[in-house]
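Have a look at the structure below, then the notes.
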Amino acid sequence: MTRWARMRRRKEKRRSDAEALGTRDQVKGKKMLEPERISEDIQHSQEIEKLEENKSSKPNHNSVISKKIFLEHISVVFIFSILTIIVTFPVILDFASETAGFECYDKCHMIWRFWWADFSFENGLDFQHSNYIFYPDGVNIGGNLAYFTTFIGFLLVKFLDYTTVWNVIWFLGLVFGGYGCYLLANNFNRNYLSSIIAGIIFTFTTYHLAHSIAHIGLSMIVWLPIFILFLFKLLEKQSKYYSIAGGIIFFLVSLTHLYYSVFITMFSIIFFTVYVFKQKKVSNKTFITNFSILLIIGLLSTSILFFSNSATSSELDDRRLEEHIGYSNSLENLILPVPNHTTQVLSNDGMITSFYSFFDEPVWDPQIEQYSFLGYSVIFLSALAVIRYRRKHAWFWLLICGIFIVMSFGPELKIFHQSTGIVMPEKIFLDTIPEWDEIRAPARFIVIATLSLAILSSFAVYGLIKNRFSSFKQQLVLTSIIGAVILFEFSMIPFPTDTEAIPDIYEEIKNDESKFAVLPVPIGGTQDYMMMSHPRILYHQVHHEKPIYGGHESRISYETMADTRTYFLDFFHALGSNNDAIKQDLAIHGLSLFDYFDIKYVTIHKNSLTSEGEVRLKQTMTEILNENTPTYEDSNIVVYKIPKPHSFEPFLLLGTGWHTYEVCEPGEDGLNCNARIAMKNSEILMINPTESNIKTGLDVVLGSIVNGNTVVFSMNGKKLNELEIPTTMMRIQIDNLMLVPGVNVLTLDSDDILFGDAGSKKGMELSLIVEYISIIK
């Protein structure tokens, strides 16, 4: 109850007492003089008026405070916007024409995700499964979906072109990464300048700038410090608001990236373990309850999110230990600038070269996952905070920093990028926690360590400006100098940019309303088993909007990728050749094969091929089309438009149950040379393109991998023959086959198999070796 209300209540009580007892004088046994009573009433009235005046002016006071807070936050965003423009120069000069970051790889994959989100929504398709890549069956959209940035991209592509959309999201990741850390640091320091320094360290650290070059999902780090801010709010407040809001922020972290949800789960466990014994302001019971609410909301919503992903781990290979070791930090990564740092660009990698030369080690160029330089000035400030300015929670941030640095070393400690054999904690997680193998890049744990160092550094700056620099002008000069030194250490000027030329013919392909697919060449050659297309092919699809064979997507099963290496498509694979177990004339059957696969356009991407590969593919197209003039050609791409077939001859394809064609170099003598290995049940497809039955035969040369293997031959489900196939190669002719119009399926069913024990065939069925398949004319 306010003072004004209490005085009004007392006045009303006096009046009621006077009416009940006659007068106040009678109650007290003495007569109150009339002037005194008047004076008291006047004084009381003046106090009430004064309180009413103060009350009426209070909203204005709150308005001033709100405006001040609003301007403070706007100024923080403005400062980080200006700093981003400076630190990433010259991106701003070509903001609408060139995408920030390295070449068209992960960047083009994520731009495709923006397009697919928009395209699938507009056309009523399933976002989580697309047959616009790996046509015709398609694949699940899996792996680290980066839902948060994908959703932002989905919204922006309705108004902006893809280059600008990428740059806007990239820019926001840097600006608000700094802003989020500012909020967290300001919760401890209540100081504008030292909190700005924390934001500078966190958002412009090597880790963040490096992943902003390629991994747009990982670049959106804003929710990490904000989630941690809500955790600390649980220590200060008993309100359930912070528990609920913190759980929602947990979900936003998970939407941003799978790795980050794992990181904050680990952070939360450490936080709870430490502070459940240190909490003083509220009871442990209240703290435990509020923390549990936050974690339950976060984990439950995250579980629903990831379980809704239709990709199942059972159909995917486990991530290998070698990947975890390869994508982890080497000890020197923490203290060595990277080749993209301005200091190394200007000195031609002088510091890197000198360091390795001093230890008589070969110079090692780290990959982007190992861009983890912490900064000498940041290490110094953090040490100063721990040694000299021991503010509250400093020891906790030091603990967090140590734990996450150790986790970034992966399963084995590496020095000079060579494993020492010393087992690290991440190996225990890998061996004991289900699905932990998906966290295949332990080096990314360093992001929480950089956040810890940012907060510790802000403690040191706060201690300096409060103890040694009294005037605001002095404090501003000090923090400006510190900020400039930090920015210079982390600067990657000139920040890389890239543009991908799009041929004009794509407009014609896009406007063609007939049903067809595009065959982008090479159809494979990168990523898992070297069976994915280069992501630039996805970026091109964004512009022609037609289904494509092959493609690029996270976490695809081997079986799906192997479909790109079936007969005929394998001719256009980066690892393929113009040879296969099926022997038939492309000049006769090539157009029929294109028609069977619904391929109307072939696009040969020169910058994804060797010169020899380009020549081979052009020769293949000349053989099929009987001409060597493409529909379109420029310095980057060749496009062929495929006419309808003119042959009515039956032709062959491979159905299910085959491994890739194995080619041996001259002089090699291997079991699988120049042959395909069949599984227990395999299919040969015989296509009759006419509307009448055709009588023909089949010539096959094959052998068995195991002794005493009996094979049943059937046509369209009807048994033709049963033979015991020796381990030596033998020729079999199957005569009098009646082909009905369309697809006829000849099946080979074996009764004995082996299982592969190495490479891509590990654990897979091996039954027959087939060297030759041809139609008997």
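The values are calculated or read from the model by the stated rules, or taken from the named source; none is laboratory data. On a predicted model such as this, the values are computed, not experimentally measured, just so you know. With ideal geometry, Cβ positions are generated from the backbone for all residues, glycine too; neighbour counts draw on all protein chains shown. Calculation scope for accessible area: heavy atoms of the full protein, side chains included, ligands and nucleic acids excluded. Shrake-Rupley method; radii C 1.70, N 1.55, O 1.52, S 1.80 Å.
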Review point. Which percent of the accessible area of the chain is formed by carbon and sulfur heavy atoms (probe 1.4 angstrom)?
Key: 58 percent
Study note, to complete from the structure: Checked the stretch 304-462 against the a/c 1.5 cut and the a/b vs b/c comparison, axes a ≥ b ≥ c from its Cα gyration tensor; verdict oblate
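On a 30 Å Cα-Cα criterion, which of the cross-link pairs K67/K233; K285/K427; K618/K695; K68/K107 come out too long? It would help to have the intermediate numbers written out before the result.
Numbers: K67/K233 24 Å; K285/K427 35 Å; K618/K695 35 Å; K68/K107 39 Å.
Over 30 Å Cα-Cα: K285/K427; K618/K695; K68/K107.
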Study note, to complete from the structure: With every protein chain in place, the accessible area of C664 for a 1.4 Å probe, in Å² rounded to the nearest 10, comes to 30 Å²
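For a Förster distance of 22 Å, can you work out the FRET efficiency between the beta-carbons of D504 and E627, rounded to the nearest 0.05? List each step's numbers first, then the result.
Working: r = 22 Å, r/R0 = 0.99.
FRET efficiency, D504 to E627: 0.50.
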Practice item. Keeping all protein chains in position, work out how much accessible area T342 exposes to a 1.4 Å probe, and write it in Å² to the nearest 10. Key: 20 Å²
**Study point:** Label-point separation in nm, D735 to N348, each point 7 Å along Cα→Cβ
**Key:** 7.7 nm
Check your understanding: If I325, I228 are ordered by their accessible area, calculated over protein heavy atoms with a 1.4 Å probe, which sequence runs from highest to lowest?
Key -> I325, I228
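Per 0.36 nm of contour for each residue apart, how much would the distance between E662 and N467 grow if the chain were fully extended, relative to their Cα-Cα spacing? Present the calculation step by step, with values, prior to reporting the outcome.
Values: separation 195, 0.36 × 195 = 70.20 nm, distance 7.31 nm.
In short, 62.9 nm is gained.
What helices does the chain have that are whole DSSP H segments, at least 30 Å long along their own axis by Cα, and with mean Kyte-Doolittle hydropathy of 1.6 or more?
On the way: long enough: 34-87 (79 Å, -0.21); 162-189 (40 Å, 0.80); 284-307 (33 Å, 1.54); 446-467 (31 Å, 1.71).
Sorted by number, the helices that extend far enough and score high enough are 446-467.
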Practice item. Pick out, in residue order, every one of the chymotrypsin sites (Phe, Trp or Tyr not before Pro) in the stretch 648-750 that is DSSP loop and has at most 12 other C-beta atoms within 10 Å; say none if there are none. Key: F648
Review point. Taking the simple approach of a point 7 Å from Cα along Cα-to-Cβ for both L321 and F78, what is their distance in nm?
Key: 5.7 nm
Check your understanding: For labels at I92 and S714 in the simple 7 Å Cα→Cβ model, what's the distance in nm?
Key -> 7.1 nm
Practice item. Considering only DSSP beta bridges where both residues belong to the chain, give the percentage that are antiparallel (nearest 5). Key: 85 percent
Practice item. Would you compute, from DSSP H runs of 4+ residues alone, the mean residue ellipticity of the chain at 222 nm, taking -39500 (n - 2.57) per run and dividing by the full residue count, rounded to the nearest 500? Key: -15500 deg cm²/dmol
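Based on the alpha carbons, how large is the Rg to Rh ratio for the stretch 226-271 when Rh follows Kirkwood?
0.97
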Study note, to complete from the structure: For V276, the accessible surface traced by a 1.4 Å probe with all protein chains present amounts, in square angstrom to the nearest 10, to 20 Å²
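Roughly how many Å² is the accessible area per residue of the chain, as a whole number, for a 1.4 Å probe?
Values: 35240 Å² over 777 residues.
For the chain, the solvent-accessible area averages 45 Å² per residue.
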Practice item. Please name whichever of G524, P726, L235 sits farthest to the positive end of the charge dipole of the chain, dipole taken about the Cα centre and charges placed at Cβ: Lys and Arg +1, Asp and Glu -1. Key: L235
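Would you mind classifying the stretch 562-696 by shape? Square roots of the alpha carbon gyration tensor eigenvalues, ordered a ≥ b ≥ c; an a/c under 1.5 is rounded, otherwise it is prolate if a/b is larger than b/c and oblate if not.
Working: a/c = 2.07, a/b = 1.10, b/c = 1.89.
Note, shape of the stretch 562-696 comes out oblate.
Can you put L748, L487 in order of accessible area, largest first, using a 1.4 Å probe? List each step's numbers first, then the result.
Numbers: L748 5, L487 30 Å².
Heavy-atom accessible area, descending, gives L487, L748.
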**Study point:** Cα centre as origin, Lys/Arg/Asp/Glu Cβ charges: the chain dipole, Debye
**Key:** 6800 debye
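So what is the diffusion coefficient of the chain in µm² per second by Stokes-Einstein at 4 °C and 1.567 mPa s, using a Kirkwood Rh over Cα pairs? Walk me through the numbers on the way to the answer.
Values: Rh = 31.1 Å.
The Stokes-Einstein estimate is 42 µm²/s.
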Check your understanding: Magnitude of the Cβ-charge dipole of the stretch 482-613, K/R +1 and D/E -1, about the Cα centre, nearest 20 debye?
Key -> 140 debye
Check your understanding: Any idea which of L183, G153, M220 is furthest toward the positive side of the dipole for the stretch 106-244, if Lys and Arg beta-carbons carry +1 and Asp and Glu beta-carbons -1?
Key -> L183
Study note, to complete from the structure: According to the Cβ-distance criterion of 4.7 Å, cysteines of the chain with no possible disulfide partner are C181, C401
Study note, to complete from the structure: Using alpha carbon centers only, the stretch 562-608 is separated from the stretch 79-119 by a whole-angstrom value of 35 Å
Practice item. Between the alpha-carbon centers of the stretch 682-746 and the stretch 484-521, tell me the distance in whole angstrom. Key: 47 Å
Point to revise | Coil-residue GluC sites (Glu not before Pro) of the stretch 427-498, DSSP, other Cβ within 10 Å capped at 13 | key: E435
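Loop-only chymotrypsin sites (Phe, Trp or Tyr not before Pro) in the stretch 437-477, please: DSSP not H, G, I, E or B, and at most 12 other Cβ atoms within 10 Å. Provide the component values of the computation, followed by the final result.
Numbers: sites: F445, F459, Y462, F469, F472; in loops: F469.
Here no loop site has a sparse enough neighbourhood.
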Practice item. Lys and Arg at +1, Asp and Glu at -1: add these up for the other residues within a Cβ distance under 13 Å of Q474 and post the number. Key: +3
Point to revise | Within the stretch 628-648, backbone nitrogen closer than 13 Å to the virtual label 7 Å beyond the Cα of D512 toward Cβ | key: 631-632, 639-645
Exercise for review: Heavy atoms only, probe 1.4 angstrom, no DNA, RNA or ligands counted: give me W170, W395 ranked by accessible area, highest first.
Suggested key: W395, W170
Study note, to complete from the structure: Among the stretch 466-503, those whose backbone N falls under 20 Å of a label point 7 Å along Cα→Cβ from Y192 are 466-484
Check your understanding: Cα-based Rg (one decimal) and Dmax (whole number) for the stretch 406-563, in Å?
Key -> 25.2, 75
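What full-extension length gain, to one decimal in nm, is calculated for I65 and F755 as 0.36 nm per residue of separation minus the Cα-Cα distance?
Working: separation 690, 0.36 × 690 = 248.40 nm, distance 7.29 nm.
Full extension from I65 to F755 adds 241.1 nm.
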